[in-house]
Number of protein chains: 2
Amino acid sequence: MYEIKPIGIIHSPYYSIEDMPIQPKGASEVEGYVIVDGKYIDGLQDIEGFSHIYLLYSFHEATRTELIITPFLDKQTRGVFATRSPLRPNHIGISIVKLKKVEGNKIFVEDIDILDGTPLLDIKPYIEKFDAVKESASGWLQASDKEISKKRSDNRFG
Amino acid sequence: MYEIKPIGIIHSPYYSIEDMPIQPKGASEVEGYVIVDGKYIDGLQDIEGFSHIYLLYSFHEATRTELIITPFLDKQTRGVFATRSPLRPNHIGISIVKLKKVEGNKIFVEDIDILDGTPLLDIKPYIEKFDAVKESASGWLQASDKEISKKRSDNRFG
């Protein structure tokens, strides 16, 4: 067992799980901000040069683990590790968001798909050389962009 | 504080931090495998359809936090959140690897940059619609691909 601690709080226009987009591409241009605890402010040096960052956070409203789930984008059940469902053994989420600007310990971001008040666990730079995948296959997930953009989460993960 | 638990172990040809590539692009075609604890095997259903997966893991050899560090690819100090250094407040790492095949609770992967014996925390599918970033800027990190491929980590993060 490891202990992890919140290092800040993520703020967004999403105050309930029911109203959330399920991933950033459904959250296009949605603005939010991250407040990093003051004691970690030195760690934010140089981050403003990156256009995108990963936010790691706690799915703090996920109260259980389910190994087989029905994803929002599907009607069939799937293994939880083949989905982004919060109901995983370790309730850790990751999202890539656009970094707009940094003011002290406040980071303004865009394309956010995270619930307001979510505990922040880590920030990592998105580095094209390391992170860009040129060709990929997305398995069962064949929903159209349009469908994803429109789809909102419901309360099945409460 | 949250508790997180290993859900498996990552195996690679890297037995010491000194010999590791610093990111997957420096680990091209390097093969490894992940053993997921048997009790989570149902969660692996459907994962084989994805060409790439995120591995989340514990930087279990990182023993301290430093907010200002000198990255492997630079000579200047940088804020830890603008780097992929293990010395972050929560010692969680993420890597994108190629998924080759799944046999029971064993996942064969490629392009791995992770130390042998690393505790696995989560597996998430790489989903192009959600994760692909079309244009990005990588701040201070302007090292060439060649330089990254050649560069190996040293023991400064022990």
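Need one number: buried accessible surface between chains B and A, 1.4 Å probe, both sides summed, DNA, RNA and ligands left out, in Å² to 100. Approximately 6800 Å² gets buried when B meets A. Within 10 Å of the Cβ of each residue in B:118-124, the mean number of Cβ atoms contributed by other protein chains is 5. Within the accessible area of segment B:1-134, the carbon and sulfur atoms contribute 48%, probe 1.4 Å, all protein chains present. The simple Förster model, with R0 at 25 Å and r as the Cβ-Cβ distance, assigns residue B:64 and residue A:105 a FRET efficiency of 0.70.
Working note: Cα atoms of segment A:1-109, range along each principal axis, descending, whole Å: 45, 36, 23. Cross-link check: pairs B:5/B:106; A:129/B:100; A:98/B:39 evaluated at a Cα-Cα cut-off of 30 Å; pairs beyond the cut-off: A:98/B:39. Computed across segment B:36-97, the Kirkwood hydrodynamic radius from all distinct Cα-Cα pairs reaches 14.0 Å.
The values are calculated or read from the model by the stated rules, or taken from the named source; none is laboratory data. All of these numbers come straight from a predicted model, not from anything done at the bench. Cβ atoms come from the backbone with ideal geometry, glycine included; neighbour counts cover every protein chain shown. The area values use the complete protein model at the heavy-atom level, side chains included, leaving out ligands, DNA and RNA. Shrake-Rupley method; radii C 1.70, N 1.55, O 1.52, S 1.80 Å.
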